[in-house]
Amino acid sequence: MIIEKILLNLQPFVVDLSSIGAGAKAFSAIADKQFFDKFENAEILDAHIEVDYSVKNKGASVDVSCRMVGEVKVPCDLCLEPVTIPVDTEFEENYIPQGNELDLSQDIYDYVVTSLPLRRVHPDGECNEETTKYISK
């Protein structure tokens, strides 16, 4: 199995399966704020997620292995100031494509967002004191 490493810029998570043929390729791209804005997620203030994925075209189906590492900035649940949350998640899926293109955008978005903790706060002592002084403890 030969794997090519390429960097995509325009639609980084849409794979042209006809260019792969009956083989595999590896891809690298960045999911940034612009990517999350396409999903109308106002909660993601900023993002830099390195997405490395390989696609193996098996004809009737496609195997995808994907790893996402980086960080997102979201509002802190206590003080509402931006807090940086690390992201390190991955998935492996088998798809039955409905044409010559496979769009992984929704899955990448879903796996990143569901990897975030439910409670998103700054470490102790790093919240904005002007805001948190009104919170009863």
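The values are calculated or read from the model by the stated rules, or taken from the named source; none is laboratory data. Predicted, not measured: the structure shown is a model, and the values here were computed from it. Neighbour counts are summed over all protein chains in view; Cβ atoms, including those assigned to glycine, are modelled from backbone coordinates with ideal geometry. For accessibility, only protein heavy atoms count, side chains too; no ligands or nucleic acids. Shrake-Rupley method; radii C 1.70, N 1.55, O 1.52, S 1.80 Å.
So how do 113-119, 73-79 stack up, highest first, on mean other-Cβ count within 10 Å? Walk me through the numbers before you get to the answer.
Numbers: 113-119: 11.1, 73-79: 17.0.
With the highest mean Cβ count within 10 Å placed first, the list reads 73-79, 113-119.
Run the helix sum for the chain: -39,500 (n - 2.57) per DSSP H stretch of 4+ residues, divided by residue count, reported at 222 nm to the nearest 500 deg cm²/dmol.
-4000 deg cm²/dmol
Which of the peptides 59-66, 42-49 is most tightly packed, and how do the rest follow, judged by the mean count of other Cβ atoms within 10 Å per residue? Each step should come with its number before you reach the end.
On the way: 59-66: 14.1, 42-49: 16.4.
Per-residue Cβ counts within 10 Å, averaged per peptide and sorted highest first, yield 42-49, 59-66.
For the chain, give the percent of accessible area contributed by carbon and sulfur heavy atoms, probe 1.4 Å, rounded to a whole number.
In the chain, the share of accessible area belonging to carbon and sulfur is 49 percent.
Working from the pairwise distances between different alpha carbons, so that the mean of 1/r is found and then inverted, what is the chain's Kirkwood radius in Å?
Result for the chain stands at 16.6 Å.
For a label point 7 angstrom out from the Cα of residue 129 toward its Cβ, which stretches of region 47-88 have the backbone nitrogen within less than 20 Å?
From region 47-88, the list is 76-83.
Compute the separation of the alpha-carbon centres of region 106-137 and region 16-74 and state it in Å as a whole number.
Spelled out, the Cα-based centre of one part sits 25 Å from the other.
Run the count for the chain, please: Lys pairs, Cα-Cα under 27 angstrom, 8 or more apart or on different chains.
So the count works out to 14.
Modelling each spin label as a point 7 Å along the Cα-to-Cβ direction, I'd like the residue 37/residue 96 distance in nm, to one decimal.
It works out to 3.8 nm between the two label points.
Tell me the net charge near residue 62. Cut-off is 14 Å between Cβ atoms, residue 62 excluded, with +1 for each Lys or Arg and -1 for each Asp or Glu.
Once positives and negatives cancel, what remains is -4.
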